Amino acid sequence: MTEQQICFDDGATYERMMGKWSRLAGEVFLDWLAPPSCMRWVDVGCGNGAFTELLVERYAPNSLQGIDPSEEQLAFARTRPAARVAQFSQGDAMALPFPDDNFDVAVMALVIFYVPDPAKGVAEMVRVVCPGGTVAAYAWDILGGGLPFAAMVPEVRAAGITPRLPPCVGASRLDAMCELWTGAGLGAVETREVSVQRTFADFDDLWTTLLATPGVGPQVAAMAAGDVELLKARARVCLPADDTGRITCSARANAVKGRVPK
C-alpha cells in the first residue's frame with residue numbers, strides 16, 4: 001500500500017462508508033473519555049459531522065465548534081440536527097482559528113493520520129484548550145490491521161489494486177500517539193484500543209459500501225468487468241455471510257487522552 005493523499009469531499013458517501021464506523025468507535029471512545037455535560041468542545045477534522053452529532057446527542061455541550069478543510073463535508077454537517085448546537089467552519093487543524101484557552105475539550109476523530117504535521121495539530125489543540133482541559137483522539141490502527149475491511153486488503157492487492165493510505169499513517173500507532181501527547185506537554189496521558197463490529201444486511205450492502213472508499217473505489221471502477229467479478233468472488237470468501245445472509249466486519253482503533261497542565 002502506498003501513502004497518498006485521500007480526499008473526502010462527499011458527505012453522503014462518507015456517511016455510508018465511514019460515518020457509521022466513526023459513530024461505532026466514537027461510542028466506545030466517549031464511554032472511556034467520560035466527559036461531563038455542558039462543556040465547550042472543538043471537533044478538529046469534523047468531516048461530515050458524524051462524531052459531532054454523537055457529542056450533541058450524548059453530552060449536551062455548552063458550545064461546539066466543528067472545523068474541517070472540506071466545504072463539501074461541512075455542507076453535509078450543517079444539515080444534521082447537531083447544527084442546532086454546533087457551528088461548522090472551514091479551517092486547518094495546524095492553525096486553528098480560535099484564541100488560546102477557548103475550550104474545555106478538543107477531539108480528533110479518525111483524523112490524526114491526515115494532518116500533515118501531527119505534532120503541530122496536537123500542539124494547536126493544546127493551545128486552544130484551557131488549563132485542566134482534555135485533548136483526545138482516536139484513529140484506525142491501520143498498520144496493525146485494524147482498518148475496516150482489512151480482511152479484503154490481500155484480495156485487493158491480488159487484483160492489482162494498491163489501496164491508498166493516509167499521509168501520516170504511523171501517527172495512529174498507540175506508541176506514536178502516546179509520544180505525540182506527552183511531547184505536547186500533556187499530563188495524565190492514557191491510551192487504549194477500541195474494537196467495534198458492523199453488520200451489513202447482505203453482500204451487496206457490504207460491496208457498495210466498500211466501493212465508496214476513496215482509496216479503493218475509483219480503482220475498482222476502472223477495472224474490467226471480469227476482473228471485478230473475480231474480486232467480488234474473492235471478497236465473498238474472505239468476508240463470509242451468516243445463515244441469514246448478513247456479514248459482520250470488525251475494526252480496531254487506537255485512542256489517546258491527556259490533560260492540559262494547570
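The values are calculated or read from the model by the stated rules, or taken from the named source; none is laboratory data. Keep in mind that what you see is a predicted model, and the values were worked out from it rather than measured. Cβ: placed from backbone, ideal geometry, glycine included. Neighbour counts: every protein chain shown.
Miscellaneous remarks
- Scanning region 94-120 for residues being of a type outside the set (D, E, K, R), within 21 Å of the chain's Cα centre (by Cα) and either surrounded by fewer than 21 Cβ atoms within 10 Å (Cβ to Cβ) or in a loop (DSSP other than H, G, I, E, B) (or both) gives a total of 8.
- Selection count where residues are charged (D, E, K, R) and surrounded by fewer than 24 Cβ atoms within 10 Å (Cβ to Cβ), scope region 38-52: 1
- Restricting the search to helices (runs of 4 or more DSSP H) fully inside region 135-230 and requiring at least 2 residues that are modelled with pLDDT of 85 or more gives 174-183, 203-211.
- Among the residues of region 61-73, those that are buried (at least 22 other Cβ atoms within 10 Å of the Cβ) and outside any strand (DSSP E or B) comprise P61, Q73.
- Single match in K262, K257 (criterion: closer than 28 Å to V129 by Cβ, touching a Gly at 6+ places or on another chain (Cβ under 7 Å) and not in a helix (DSSP H, G or I)): K262
- Count of region 79-89 residues which are at pLDDT below 95, surrounded by 14 or more Cβ atoms within 10 Å (Cβ to Cβ) and not small (G, A, S): 2
- One residue stands out among those in region 105-122 that are out of contact with any Ser or Thr (no Cβ under 7 Å at 6 or more places or on another chain) and not aliphatic (A, V, I, L, M): the one that is farthest from L147 (Cα to Cα), which is K120.
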